[in-house]
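The values are calculated or read from the model by the stated rules, or taken from the named source; none is laboratory data. All values derive from a computational prediction rather than experimental measurement. Every residue, glycine among them, receives a Cβ derived from its backbone with ideal geometry; neighbour counts consider all protein chains shown. When the accessible area is computed, the model is the full protein with side chains, heavy atoms only, and any ligands, DNA or RNA have been set aside. Shrake-Rupley method; radii C 1.70, N 1.55, O 1.52, S 1.80 Å.
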Amino acid sequence: MGHSAAVWDYRAATEITKDWNGIDQIVLRTPRGASARVSLHGAQVTSWRNEQGEELLFTSSKTIFKAPKAIRGGIPVCFPQFGNCGSLELHGFARNRMWTIDDNPPPLPANDSSGKSFIDLLLKSSEEDVKCWPHSFEFRLRVCLSKDGDLALISRVRNINGKPFSFSFAYHTYLLVSDISEIRIEGLETLDYLDYLFQKERFTEQGDAITFESEVVVDRVYLSSPNIIAVLDHERKRTFVIRKEGLPDVAVWNPWEKKSKAMMDFGDEEYKQMLCVDGAVIEKPVSLKPGEEWTGRLQLSVVPSSFCSDRLGLDRSGL
């Protein structure tokens with residue numbers, strides 16, 4: 001795909017507005033009315049709406065919309081660290097940095113742009129970053145909205161350092177759901193997972209699906225997961241389909257009531273309307289030699305729940 005095609009798509013289907021902090025945000029639209037918003041603060045997708053204008057991502061009513069504080073909701077990008085598993089700030093620094101629009105990125109395959117509204121963003125290691133994480137990198141993120149309203153994120157991390165480095169990563173995706181007790185995740189059954197409530201002890205999922213009926217925090221990382229996961233919302237009769245590449249792990253999180261009340265930027269009852277299901281690389285971090293590049297892709301779509309698992313292809317197929 002040539003640069004002229006990218007410019008055409010950019011002008012035809014995107015606009016730049018200001019967010020609550022006066023920071024530029026990009027709005028992607030489809031002819032049928034679906035939309036997505038991406039803030040240059042953290043390259044964070046803050047909204048994803050279907051053709052009926054219904055919001056599909058959760059954002060807390062208590063979130064502190066003030067940079068550099070991370071936004072509680074949407075899709076934060078966790079890099080170069082997931083959670084508090086290293087020496088950096090929670091979930092790394094990428095979600096708290098100002099990104100720039102990349103007007104001339106290296107090419108991606110044609111199917112990653114053809115017929116889609118998209119924006120390319122870029123984060124380079126700064127002097128501040130190098131002080132806490134002494135590596136030089138270029139992180140490119142493309143956010144795409146297809147004509148059918150599917151949302152895709154494509155991350156490319158290149159090592160421009162003189163020595164190897166490793167990192168963990170996640171698309172920390174806050175899905176907006178009707179009621180957590182009505183939700184079912186399919187595709188993670190029988191997998192091993194690390195339970196972060198028990199010092200990352202390893203367990204094996206026993207249920208035929210993951211449900212949320214007991215009053216307990218869920219904070220797990222499922223390992224070696226299939227490339228398609230389904231999140232069924234029975235009350236709304238719709239299913240989020242998560243397709244991924246280069247992201248072997250899936251983090252699942254819901255804070256439930258007690259932890260919700262302990263978080264300043266989260267409503268006491270909001271745990272009922274959200275669920276994080278993250279495509280991630282956590283157990284075995286990505287290692288890059290000088291000049292090497294890693295790519296991780298996530299695609300989110302919504303289908304009626306009348307689609308059964310077989311039709312969704314919940315085997316080991318990918319994007």
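Please go through the stretch 199-238 and give me each residue that is under 17 Å from the mean Cα position of the chain (by Cα) and among the β-branched types (V, I, T), ordered by number. Across the stretch 199-238, the qualifying residues are V221, I228, I229, V231. Scanning the stretch 95-119 for residues that are within 28 Å of G83 (Cα to Cα) and touching a strand residue (DSSP E or B) at 6+ places or on another chain (Cβ under 7 Å) yields R95, R97, M98, W99, T100, I101, D102, I119. Each residue in the stretch 231-261 was checked for being within 22 Å of L194 (Cβ to Cβ), not in a loop (DSSP other than H, G, I, E, B) and not acidic (D, E), and 11 of them qualify. Looking at the stretch 152-164, can you tell me whether even one residue there is buried (at least 16 other Cβ atoms within 10 Å of the Cβ), over 22 Å from the mean Cα position of the chain (by Cα) and among the small types (G, A, S)? Taking every residue of the stretch 152-164 in turn, none turns out to be buried (at least 16 other Cβ atoms within 10 Å of the Cβ), over 22 Å from the mean Cα position of the chain (by Cα) and among the small types (G, A, S).
When S166, S224 are checked against the criterion of being of a type in the set (S, T, Y) and at positive phi, a single residue qualifies: S224.
Within the stretch 4-26, can one find any residue that is modelled with pLDDT of 70 or more and not in a strand (DSSP E or B)? No, because not a single residue in the stretch 4-26 is modelled with pLDDT of 70 or more and not in a strand (DSSP E or B).
For the stretch 193-228, a residue qualifies if it is open to solvent by 50 Å² or more (accessible area, probe 1.4 Å), charged (D, E, K, R) and outside any loop (DSSP other than H, G, I, E, B), and the qualifying residues are E201, R202, R220.
For the structure I just gave you, tell me whether R184 is touching a residue at least 60 places away in the same chain (Cβ under 8 Å), closer than 25 Å to V250 by Cα and more than 15 Å from the chain's Cα centre (by Cα). Judged against the criteria, R184 is not a match. Of all residues in the stretch 240-286, those satisfying the criterion of being closer than 12 Å to F169 by Cβ and not charged (D, E, K, R) are G246, L247, P248, A251, G279, A280, V281, I282, P285, V286.
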